[in-house]
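The values are calculated or read from the model by the stated rules, or taken from the named source; none is laboratory data. Quantities reported herein were computed from a predicted structural model and do not represent experimental measurements. No Cβ is skipped: glycine too gets one built from the backbone with ideal geometry, and neighbour counts run over all protein chains shown.
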Amino acid sequence: MWAVIDTSVYIGHWERGLYAEALERIRRAFIVRHSAVVLSELRRGTRTRAAERTVARLYELARDPWTPNQRDWWDAGRIFERSGMRTIGIAASAETSRTTP
C-alpha cells in the first residue's frame, strides 16, 4: 500500500520541524509516492535558494510521480467528506440547488 504526503505536511516539517514522528511511521508502513500536484505546489511556493534546492532534490527522488485523474479527485472528495476534514462549507437546499432560468 502507498501513501501520498500533502504539501502542508512537507512545509510544516521543513519550516517548523512538525510531524517527524508521524512521517517516520508513514515511511515504515507505506511506500511513499510523490504527487505531481504536491511537487508543483512546493516548487511554486519556494521563497529561498535553499528551499528551491530541497524541492528539486525531492523532485529528483520522485521517479514516477502520481498524477491524479478525474476519478482520483472525486474519490478524494469522498474521503475528506467521510473523515470530517472539510475545508469549505457547502450547504445545499431546495432553494439553492434549483437552476434559475
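Within region 1-47, how many residues are over 20 Å from Asp72 (Cα atoms), among the basic types (Lys, Arg) and not in a helix (DSSP H, G or I)? Looking only at that region, the number is 1.
Has region 9-30 got any residue that is closer than 15 Å to Thr67 by Cα and within 14 Å of the chain's Cα centre (by Cα)?
There is no residue in region 9-30 that is closer than 15 Å to Thr67 by Cα and within 14 Å of the chain's Cα centre (by Cα).
Of all residues in region 10-23, those that are over 12 Å from Leu42 (Cβ atoms) have Cβ atoms under 8 Å from Cβ atoms of residues that are part of a helix (DSSP H, G or I) and not aliphatic (A, V, I, L, M), 6 or more apart or on another chain, in Leu18/Gly12; Tyr19/Gly12; Tyr19/His13; Ala20/His13; Leu23/His13.
Scan Glu60, Glu41 and give me the residue that is among the acidic types (Asp, Glu), modelled with pLDDT of 90 or more and surrounded by 14 or more Cβ atoms within 10 Å (Cβ to Cβ).
Of the residues listed, the single one that is among the acidic types (Asp, Glu), modelled with pLDDT of 90 or more and surrounded by 14 or more Cβ atoms within 10 Å (Cβ to Cβ) is Glu41.
Annotation note: of Thr48, Thr7, Thr54, the sole residue that is modelled with pLDDT of 90 or more, of a type in the set (Ser, Thr, Tyr) and loosely packed, with under 10 Cβ neighbours inside 10 Å is Thr48.
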